[in-house]
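Trainee: Following this message is one structure expressed as structure tokens.
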Amino acid sequence: MSEVRGEQVGPHWLYLGDCLELMPRIGMVDHIVTDPPYEAVMHQARSEGGRRMRRDGHAELAAVDFSDVEDLRAAVVVQAGMLCFGWVILFCTPEGVARWADEINGSDIRYKRACVWVKPDAAPQFNGQGPAMGAEMFVCAWAGSGHSRWNAGGKRGVYTHLTNPSDRDGRHPTEKPWRLMAEILNDFTGGGHIVLDPFMGTGATGIAAIRTGRRFIGIEQNPAYFEAALERMRAAHAQADLFLDPTPAAPQPLRLDLEI
């Protein structure tokens, strides 16, 4: 077991360490909402990076500096089935949907559907040799008992958000906009629910959790990303009263078996 560091931000916990080592030591959570590394093919393309594309002065997309998901997928699904009561939401490329679905369908959790994140400001295909990537996917699986439940009725699984809003932090190469993550949390989770993100990055899901009244546990193994997430979470928590319902349900204490 590698050394683990834990930091508390209000009712939220952030851990620096390997998620596959830490997930078995965390108590049950309501939902898992996470953005694992890319599939190998897309990962290789994004690893090249370095091209300047923005003209508005905001953060460029950086090169990917972590390993692909191929050797992690099976273990993530197993752990999700062991510690989650509700939804398991996993971002992936379009090419990765079937791979996640195959892994989930062979497990104790139930594959439900793939949803799409439409990116109106996605970069064009600069070499002109084919269509550009204008969307990203996330797969939805139910780890709970009985019928799956969410808050959005018959809503279609299409989410439209800018990749590069003006407040994009820019320190993580595959950063998700917090507004996208907030919409997902509002649709799939309830107020006060515990949301685990085992691939936390720089904390977009944690910020969304703060701003929607959820509780958050994040795990990140890259020290630089962990520090960025901690900084952003502290700032969001300091402003939480600006975003939350003035009379939210009283949160229950986190049930953490993890000792550090």
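Trainee: Of the residues ILE32, ILE26, which single one is closer than 20 Å to ILE217 by Cβ, modelled with pLDDT under 95 and buried (at least 20 other Cβ atoms within 10 Å of the Cβ)?
Mentor: On the way: ILE32 fails: modelled with pLDDT under 95.
Of the residues listed, the single one that is closer than 20 Å to ILE217 by Cβ, modelled with pLDDT under 95 and buried (at least 20 other Cβ atoms within 10 Å of the Cβ) is ILE26.
Trainee: Let me ask you something else. Within the stretch 155-173, which residues are among the small types (Gly, Ala, Ser) and either in contact with a helix residue (DSSP H, G or I) (Cβ under 9 Å, 6 or more places away or on another chain) or at pLDDT 95 or above (or both)? So that I can check it myself, show each step before the final result.
Mentor: Start the filter on the stretch 155-173 by keeping residues that are among the small types (Gly, Ala, Ser), which leaves 157, 166, 170.
GLY157 - this is the single residue of the stretch 155-173 that is among the small types (Gly, Ala, Ser) and either in contact with a helix residue (DSSP H, G or I) (Cβ under 9 Å, 6 or more places away or on another chain) or at pLDDT 95 or above (or both).
Trainee: Does ALA141 fit the bill of being modelled with pLDDT of 95 or more, assigned to a strand (DSSP E or B) and either surrounded by fewer than 17 Cβ atoms within 10 Å (Cβ to Cβ) or touching a Lys or Arg at 6+ places or on another chain (Cβ under 7 Å) (or both)?
Mentor: yes
Trainee: Okay, moving on. Filter the stretch 178-195 for residues that are surrounded by fewer than 21 Cβ atoms within 10 Å (Cβ to Cβ) and either out of contact with any Ser or Thr (no Cβ under 7 Å at 6 or more places or on another chain) or within 21 Å of ILE219 (Cα to Cα) (or both) and give the result.
Mentor: Within the stretch 178-195, ARG179, GLU183, ASP187, GLY190, GLY191, GLY192 qualify.
Trainee: With ALA208, ALA224, ALA182 as the choices, which residue is aliphatic (A, V, I, L, M) and farther than 23 Å from ARG113 by Cα? Write out each step before concluding.
Mentor: Working: ALA208 fails: farther than 23 Å from ARG113 by Cα; ALA182 fails: farther than 23 Å from ARG113 by Cα.
One residue alone meets the criteria, ALA224.
Trainee: To continue, here is another question. Would the stretch 172-182 turn up any residue that is of a type in the set (D, E, K, R) and in contact with an Asp or Glu (Cβ under 7 Å, 6 or more places away or on another chain)? Don't jump to the end; show me each part of the working.
Mentor: Of the residues in the stretch 172-182, the ones of a type in the set (D, E, K, R) are 175-176, 179.
Cutting the leftovers down to in contact with an Asp or Glu (Cβ under 7 Å, 6 or more places away or on another chain) gives us 175-176.
Yes.
Trainee: Would you confirm, using the coordinates I've provided, whether VAL97 is among the hydrophobic types (A, V, I, L, M, F, W, C), assigned to a helix (DSSP H, G or I) and modelled with pLDDT of 95 or more?
Mentor: Values: among the hydrophobic types (A, V, I, L, M, F, W, C): yes; assigned to a helix (DSSP H, G or I): yes; modelled with pLDDT of 95 or more: yes.
Here the answer is yes, as VAL97 does meet what is asked.
Trainee: Just to confirm my filter: which strands (runs of 3 or more DSSP E) fall fully inside the stretch 151-236 and include at least 3 residues that are farther than 20 Å from GLN8 by Cβ?
Mentor: Numbers: elements: 158-160, 194-197, 215-220.
Filter on the stretch 151-236 gives 158-160.
The values are calculated or read from the model by the stated rules, or taken from the named source; none is laboratory data. The shown structure was predicted, so the numbers you read here are calculated from the model rather than taken from an experiment. Positions of Cβ are backbone-derived with ideal geometry, glycine not excepted, and every protein chain shown enters the neighbour counts.
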